[in-house]
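One structure below.
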Amino acid sequence: MTAEPIPATATGRDPILLQLSQRPVPYPPQVQENLRAEAREIIDRYPQSRSALLPLLHLVQSVEGYVSGTGIAFCAEQLGLTDAEVTAVATFYSMYRRTPTGDYHVGVCTNTLCAVMGGDEILAALARHLEIAPGETTADATITLEHLECNAACDYAPVVMVNWEFFDNQTPESARALADALRSGREVTGTRSGAPLCSFRDTARILAGFPDRRPDANEGAPGDPTLAGLRVATEPSTPAAPQRDSDDEQGER
Ligand code: FES
């Protein structure tokens with residue numbers, strides 16, 4: 001039986017309507033069959049099947065561009081978990097999207113250091129430029145804009161990530177140019193990558209554990225600011241300045 005909302009006139013207040021999620025629609029048979037085979041391949045890498053949940057969530061995200069109810073039901077079925085257990089994990093990690101995502105997920109770090117260095121300004125500039133709010137996708141489905149928490153890339157703040165590839169030392173101008181390049185279909189390569197970006201769905205597939213076949217995708221070396229701390233730590237320490245004896249100091253007074 002479906003609960004009827006209490007008429008506003010009876011309470012003098014606006015009715016509160018429950019938003020119930022849709023019952024998951026199974027994947028088309030061919031998609032389901034391929035996914036089952038790939039899920040098996042992933043599950044077999046782990047001594048306990050439930051350990052494969054995170055890559056499986058990336059796998060279903062690679063199909064629809066987000067983790068839908070169908071994806072959750074699929075993961076639960078493959079791993080012998082309940083939908084609630086899978087949902088608890090999928091909603092805990094922010095890399096799993098809960099709404100459809102554009103070809104490029106553009107994340108602007110607005111955590112402390114990036115914010116101080118201009119991250120908030122970049123996010124606002126991109127929102128204005130793309131005419132969407134953070135969390136939304138452009139009408140042409142190319143870009144989903146989002147704010148990100150710290151990506152451990154503070155040495156190159158402020159950073160923007162596109163499909164989890166770093167774009168370092170950004171400004172509002174460079175971020176707008178980046179968004180324009182993505183929307184126009186031009187080839188774009190991250191600051192630390194040797195290969196042009198792939199789509200959000202292809203990235204999800206790589207994160208599920210399938211090989212990244214882009215030539216030079218795994219090339220790249222840490223930059224100077226990243227290595228600065230290591231350099232200081234491994235440098236021979238400079239001898240400490242001789243301490244003056246406090247008695248001597250008193251005697252000099
Ligand atoms: S604060 Fe932005 S990467 Fe750390």
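Quick note: the coordinates plus some simple rules give every number you see, no bench work behind them. Since the structure is predicted, the reported quantities are computational estimates derived from the model, not experimental observations. With ideal geometry, Cβ positions are generated from the backbone for all residues, glycine too; neighbour counts draw on all protein chains shown.
In nm, give the distance between the simple-model label positions of Arg98 and Thr234, each being 7 Å from the Cα along the Cα-to-Cβ direction.
4.4
Pairing the Cα long axis of helix 172-184 with the longest principal axis of the chain, what angle in degrees results, from 0 to 90 and rounded to the nearest 10?
Between helix and principal axis, roughly 40 degrees.
Sequence gap at least 6, Cα distance under 8 Å: using those rules, report the relative contact order of the chain to the nearest whole percent.
In percent, rounded to a whole number, it is 16.
Students often check this: by mean Cβ neighbours within 10 Å, which of 135-141, 167-173 ranks highest, and how do the rest follow?
Going from most to least packed, we get 167-173, 135-141.
Specify whether the C-alpha gyration tensor of the stretch 46-148 places it in the rounded, prolate or oblate class, a ≥ b ≥ c being the square roots of the eigenvalues: rounded for a/c under 1.5, otherwise prolate if a/b is larger than b/c and oblate if not.
Note, shape of the stretch 46-148 comes out prolate.
Given H placed 1.01 Å from N in the peptide plane, which residues other than close sequence neighbours of Asp212 have an amide H under 5 Å from its amide H?
Counting only residues 5 or more places away or on other chains, the set is empty.
What are the ³J(HN,Hα) values, in whole Hz, obtained from phi via the Karplus relation 6.51 cos²θ - 1.76 cosθ + 1.60 with θ = phi - 60°, for each residue of the stretch 194-199 in sequence order, with x given for Gly and Pro?
Result, ordered by residue: x, 10, x, 4, 10, 6 Hz.
Long-range amide H contacts for Ile143: which residues qualify at under 5 Å (H placed 1.01 Å from N, peptide plane, sequence gap of 5 or more or a different chain)?
Under 5 Å from the amide H of Ile143 lie the amide H atoms of Asp103, Tyr104, Thr138, each far enough along the sequence or on another chain.
Along the charge dipole of the stretch 104-197, Cβ charges K/R +1 and D/E -1, which of Thr137, Pro196, His105 sits furthest on the positive end?
Of the options given, the answer is Pro196.
Net charge around Val160, counting only other residues with Cβ within less than 13 Å of its Cβ (Lys, Arg = +1; Asp, Glu = -1)?
-4
Rounded if a/c is under 1.5, else prolate if a/b beats b/c, else oblate: with a ≥ b ≥ c from the C-alpha gyration tensor eigenvalues square-rooted, which is the chain?
prolate
Residue by residue through the stretch 94-106, which ³J(HN,Hα) values in whole Hz follow from phi under the Karplus form 6.51 cos²θ - 1.76 cosθ + 1.60 (θ = phi - 60°), with glycine and proline marked x?
Result, rounded to whole Hz: 6, 6, 8, 8, 9, 9, x, 10, x, 4, 10, 8, 9.
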